[in-house]
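Single-structure report; data block below.
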Amino acid sequence: QFTTRVVSCRAAELRPEGGGEPVHGFQVVLEDTILFPEGGGQPDDRGLIGDVPVLRVTRRGPEAVHFVPAALEPGAEVLLSLDWERRFDHMQQHSGQHLISAVAEQMFGFKTTSWELGRQRSVIELDTPVVTAEQVQALEESVNEKIRDRVPVTVRELAADDPEVETVRSRGLPDDHAGPVRVVDIEGIDSNLCCGTHVDFLLKVIKLLGVEKGKKNKTNLVFLVGNRVLKSVEQSHSTEKALTSLLKNGPGEHVEAVKRLQSSVKLLQKNNLNLLRDIAVLIARDFKSKPAPKQLFVLHRKEGDSEFMNIIANEIGTEETLLFLTVGDEKEAGLFLLAGPVEAVENLGPRVAELLGGKGAGKRGRFQGKAAKMSRRGEVQALLQEFISNQNPGA
């Protein structure tokens, strides 16, 4: 916590990180702050000004701007409170990133071009097209050895024109930087220009989750530090317990058990498709066997797919019969097929799609697509019946 004063407060809008409607509120500048504004790859802090929540902290030149939902009186003395759990998490991830970047460059010559502290995991972009599994393992072992050695992390400030600044690892200063330059040192390992928050000692453990293909000739290294590793282990253990209960075997047998289940499901799906094809043929032959086939054939089946509907249309034939077929749950989205004489389908297809609240396309006497309102099939049937009646007034 920290006591300070409100310098200014003005109305503003905040765009949510995930998109959506802007939030109306106020931008507040304080005499000083303990909340970190986003920058340098690290997200901003959260906290309270009095009892008013701080929703975002950004940097505007030398000032930290706090976005809050309620107005604060300029000149008022306020108690600023920090969300320590969020801050401590960011401290661990950021110090871990410095360590990983430094050791990766020392061991393999991989320079860090950027990094991102994510909500669940963090990513370092390395200036190399390939990082092997063996290199990832060696890097993980090395950084965790440094943690076991309890290497201290210290912060110092240099004047911007101090010649030592040129010897410190850096990706450059912001164009609007003002004041002294801040250097974060990991003793005997790294010195880095940095505005972010860090731990005093490298803590607990680092887990490298692997690599992903990055931008051109870059590789993204994914990692967890400190408490995030413990949370990941806890989550994996809970998943393992649940799978042990469901699969009725030990953790070492889970993968093989799932493979067997996948094979069984694929076989069942294949058999189900074959049965659906047989049912489609039988439905069509039953219709054709009747003494006087109707000009309109309508069918809905909950289980089915596009192939099921097209087999029926192929077996019945569409030169004289108009077919309206649907598959899917009555109360949810599904698929539809309108098949028949080319001119009739071209005329009716878009109207059928509109009635069903869906979209479709067609050619050569078939119009098919997705339907959002399967419950309106009766209206479509009435439309088709009316069309046939108008085509054959004496029928």
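Here are a few things to note about the model shown:
- Placing unit charges on each Cβ (+1 for Lys and Arg, -1 for Asp and Glu) gives the chain a dipole about its Cα centre, and among 1, 261, 227 the Cα reaching farthest toward its positive end belongs to 261.
- Within segment 263-368, the proportion of Cα pairs with more than 17 Å between them is 54 percent.
- Cα-centred dipole magnitude for the chain, charges only on beta-carbon of K, R (+1) and D, E (-1), debye, nearest 20: 2180
- Here the spin labels are modelled as points 7 Å beyond Cα on the Cα-Cβ line, and at residue 88 and residue 3 they lie 2.6 nm apart.
- The orientation-averaged projected area of the convex hull spanned by the Cα atoms of segment 336-395 comes to 3.7 nm².
- Gained length - residue 342 relative to residue 114, 0.36 nm times residue gap less alpha-carbon distance: 76.2 nm
- Sequence-distant residues sharing a close amide H with residue 12 (under 5 Å, placed H): 25, 26, 27
- The distance linking segment 292-307 with segment 356-395 is 12 Å (Cα centroid to Cα centroid, whole angstrom).
- Over 19 Å between alpha carbons, listed pairs 204/231; 146/213; 294/359; 207/231; 146/207: 146/213; 294/359
- In order along segment 54-59, the Karplus-derived 3J(HN,Hα) couplings, from 6.51 cos²θ - 1.76 cosθ + 1.60 at θ = phi - 60°, round to 9, 8, 6, 10, 10, 9 Hz, and Gly and Pro are given as x.
- Dipole of the chain [Lys/Arg +1, Asp/Glu -1 at C-beta], most positive-end residue of 35, 123, 58: 123
- Computed over the chain: relative contact order in percent, which uses C-alpha pairs under 8 Å that are six or more apart: 10
- Sequence ranges 375-387, 173-185, ranked by mean other-Cβ count within 10 angstrom, highest first: 375-387, 173-185
- Between the helical axis of 227-247 and the longest alpha-carbon principal axis of the chain there is an angle of about 30 degrees.
- Largest to smallest in accessible area, the residues 94, 24, 300 fall in the order 24, 300, 94 (1.4 Å probe, all protein chains included).
- Debye intensity ratio in log₁₀ form over the Cα atoms of segment 87-233, taken at each q of 0.11, 0.12, 0.13 Å⁻¹: -0.40, -0.48, -0.57
- Evaluated at q = 0.12 Å⁻¹: base-10 log I(q)/I(0), Debye formula over Cα of segment 2-82: -0.30
- Our coupling estimate for segment 272-285, obtained by passing each phi through the Karplus curve with A = 6.51, B = -1.76, C = 1.60 and θ = phi - 60°, is 4, 5, 4, 5, 4, 5, 4, 4, 4, 5, 5, 4, 5, 5 Hz, Gly and Pro reported as x.
- Database remark: amide H of residue 187 closer than 5 angstrom to the amide H of 154 (H placed geometrically; neighbours at sequence offset of 5 or more, or on other chains; Pro and chain starts carry no H).
- Distant-in-sequence amide contacts of residue 181, defined by a placed amide H-H separation under 5 Å and a gap of 5 or more residues or a different chain, comprise 158, 159, 160.
- Relative pair counts by distance (%), Cα atoms of the chain, 20 Å bins: 20, 30, 27, 20, 3, 0
- The share of alpha-carbon pairs in segment 12-57 lying farther apart than 13 Å comes to 63%.
- Fraction of accessible area attributable to carbon and sulfur, segment 227-374 (%, probe 1.4 Å): 54
- Remark: segment 258-349 carries 61 Å² of accessible area per residue (probe radius 1.4 Å; ligands, DNA and RNA excluded).
- Percent of alpha-carbon pairs separated by more than 18 Å within segment 149-307: 79
- On Cα atoms only, tilt of 84-108 relative to the major axis of the chain in degrees: 80
- Förster radius 25 Å - calculated FRET efficiency between residue 240 and residue 145, Cβ distance, rounded to 0.05: 0.35
- The chain: angle of helix 342-355 to the longest principal axis, Cα-based, in degrees nearest 10: 50
- Reported to the nearest whole Å, the Cα centre-to-centre distance from segment 245-279 to segment 42-62 is 51.
The values are calculated or read from the model by the stated rules, or taken from the named source; none is laboratory data. If you're wondering where the values come from, they're calculated on a predicted model, not measured in any experiment. Here Cβ is always computed from backbone atoms with ideal geometry, including for glycine, and neighbour counts include all displayed protein chains. Side chains included, ligands, DNA and RNA excluded: accessible areas come from the protein's heavy atoms. Shrake-Rupley method; radii C 1.70, N 1.55, O 1.52, S 1.80 Å.
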